[in-house]
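To keep things clear, I will list the structure first and then write my remarks on it.
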């Protein structure tokens with residue numbers, strides 16, 4: 001009788017929990033649905049000259065004028081600026097607005113007001129590049145959430161980053177803003193990241209969850225300079241200068257990895273600057289021990305990008321995709337070299353975390369290449385200390401963010417984890433933020449020279465012509481380079497899958 005009563009009570013409790021979850025989900029959905037008069041999905045992005053220009057994108061539920069006012073202090077300076085490339089069009093049931101603002105003053109703090117229908121508006125702020133040799137920025141990756149609760153967890157990480165580096169010049173998100181790139185998920189993202197997306201300049205990088213199979217979504221979420229992008233169907237490639245650093249953004253959705261036309265663009269772009277520092281942002285990571293690094297589309301980046309990055313003296317590559325933190329030693333020609341490029345897999349700001357795949361070591365990543373790594377998943381975090389992958393730390397379980405500071409000839413990179421809350425609903429629980437990695441790179445200034453001054457754009461015909469060699473390059477790499485190493489690794493993979501349920 002007692003067992004029957006317990007079963008009945010269990011059923012009642014389960015049903016109660018289910019109905020409660022549905023109720024909470026319904027409330028969240030209702031809260032995340034923009035009203036007719038709302039101005040939502042606001043972003044202020046780099047677009048061309050970072051000292052004098054910014055690109056703005058936002059959405060409304062109904063058609064209205066694309067209107068923005070910009071203020072320097074309390075003064076409305078809109079009339080002294082040039083507003084161009086104005087877009088107002090329907091997209092997936094909402095109305096998208098874009099505008100490029102030119103004529104801003106270098107080294108100035110601005111606020112702005114975006115107007116919606118019926119007198120509604122939303123505010124934001126940004127600062128322009130002052131042109132000196134100092135730049136500070138924040139890097140996060142892979143929020144990749146589907147519900148509002150998980151977006152809020154990712155936003156907690158981003159807010160901790162902004163509090164840690166309050167004067168950051170911009171925030172780069174290294175892809176996978178959402179899980180399925182739907183209206184609902186982008187609305188969740190906008191609500192969770194409210195004040196972050198509109199409160200600091202954004203540098204967007206397309207992830208596979210933002211671009212593959214969801215054509216045009218990413219380009220319609222941000223207003224960046226796509227004049228040199230080889231295509232905009234599943235993401236964009238572009239570049240910009242900030243301080244004495246040249247930044248290039250690579251689209252790793254381009255023909256599943258990176259196309260030959262984009263590689264040509266990247267080399268031309270990196271050779272067309274004499275900035276002291278060169279940094280590349282991308283989504284898929286060339287070096288990792290995550291679950292995606294055993295597949296050829298990601299590993300092809302090692303081979304295809306290597307010669308470009310080596311020839312162009314790139315100092316740092318930041319990426320996401322594999323939901324863990326990993327830093328390599330400086331690499332050149334796939335070997336440790338003090339004059340090479342440092343690759344950082346920037347962890348995940350969200351709650352979806354991958355554990356390490358030790359069977360990849362020696363096949364796709366040599367152990368001596370790894371400088372630091374923190375791996376997290378659900379209830380545990382592993383810290384690799386150079387000898388063991390089994391050390392666990394409670395403080396490693398959380399969202400990862402990165403701060404990067406360049407001051408003259410010195411670059412300082414610091415990676416943090418904000419520990420998950422014991423009780424997500426406890427607002428009184430103090431945040432625990434731990435430094436998990438830090439390194440510096442120092443170099444002589446004035447050594448880079450401009451080696452290319454020609455046209456960097458790619459015609460449609462050139463892109464189409466480059467599609468065949470691009471795909472052949474990936475196929476050739478898969479059959480000749482990747483497959484033999486994968487087959488050698490396969491016994492280890494199968495053993496780990498059987499014994500640890502890790503694939």
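The values are calculated or read from the model by the stated rules, or taken from the named source; none is laboratory data. Values in this document were obtained by computation on a predicted structure and should not be read as measured data. In this analysis, Cβ positions are derived from the backbone assuming ideal geometry, glycine residues included, and neighbour counts consider all displayed protein chains.
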- Reported set for the stretch 412-432 where residues are within 23 Å of residue 319 (Cα to Cα) and either under 20 Å from the mean Cα position of the chain (by Cα) or surrounded by fewer than 18 Cβ atoms within 10 Å (Cβ to Cβ) (or both) is 412, 413, 414, 415, 416, 417, 418
- Query: Do you know which residues across the stretch 88-106 are free of Cβ contacts under 8 Å to residues at least 40 places away in the same chain and touching a strand residue (DSSP E or B) at 6+ places or on another chain (Cβ under 7 Å)?
  - Reply: 88, 89, 95
- Item | Selection status of residue 146, surrounded by 15 or more Cβ atoms within 10 Å (Cβ to Cβ), assigned by TED's automatic domain parsing to the domain that holds residue 62 and more than 22 Å from residue 241 (Cα to Cα) | no
- Message: Between 187, 180, which is buried (at least 21 other Cβ atoms within 10 Å of the Cβ) and either within 21 Å of residue 93 (Cβ to Cβ) or outside the structural domain of residue 219 (by TED's automatic domain parsing) (or both)?
- Response: 187
- Restricting the stretch 35-45 to residues that are in contact with a helix residue (DSSP H, G or I) (Cβ under 7 Å, 6 or more places away or on another chain) and either modelled with pLDDT of 75 or more or not in a loop (DSSP other than H, G, I, E, B) (or both), the residue that is surrounded by the most Cβ atoms within 10 Å (Cβ to Cβ): 41
- Out of curiosity, is residue 154 at pLDDT 95 or above, crowded, with 24+ Cβ neighbours inside 10 Å, assigned by TED's automatic domain parsing to the domain that holds residue 417 and assigned to a strand (DSSP E or B)? no
- For the stretch 50-93, which residues satisfy the criterion of being modelled with pLDDT under 95 and within 20 Å of residue 194 (Cβ to Cβ)? 61
- Note on the structure: The condition of being in a loop (DSSP other than H, G, I, E, B), on the phi < 0 side of the Ramachandran plot and touching a residue at least 12 places away in the same chain (Cβ under 8 Å) holds, among 160, 168, only for 168
- Task: Among the residues of the stretch 448-472, write down those that are assigned to a helix (DSSP H, G or I) and in contact with a helix residue (DSSP H, G or I) (Cβ under 7 Å, 6 or more places away or on another chain).
- Result: 462, 463, 466, 469, 470
- Query: Restricting the search to the stretch 275-304, which residues are out of contact with any strand residue (DSSP E or B) (no Cβ under 7 Å at 6 or more places or on another chain) and over 26 Å from residue 503 (Cβ atoms)?
  - Reply: 276
- Failed condition for residue 113, given (1) more than 25 Å from the chain's Cα centre (by Cα); (2) surrounded by 15 or more Cβ atoms within 10 Å (Cβ to Cβ); (3) within 30 Å of residue 442 (Cβ to Cβ), with all others met? (3)
- Quick one: what pairs do we get from the stretch 130-141, first residue on the phi > 0 side of the Ramachandran plot and touching a residue at least 40 places away in the same chain (Cβ under 8 Å), second assigned to a loop (DSSP other than H, G, I, E, B) and surrounded by 15 or more Cβ atoms within 10 Å (Cβ to Cβ), C-beta under 8 Å, 6+ apart or different chains? 131/51; 131/243
- Filter the stretch 361-392 down to residues that are within 25 Å of residue 159 (Cα to Cα) and in a loop (DSSP other than H, G, I, E, B) and give me whichever is modelled with the highest pLDDT. 378
- Query: Considering only the stretch 171-216, how many residues are over 19 Å from residue 346 (Cα atoms) and in a helix (DSSP H, G or I)?
  - Reply: 11
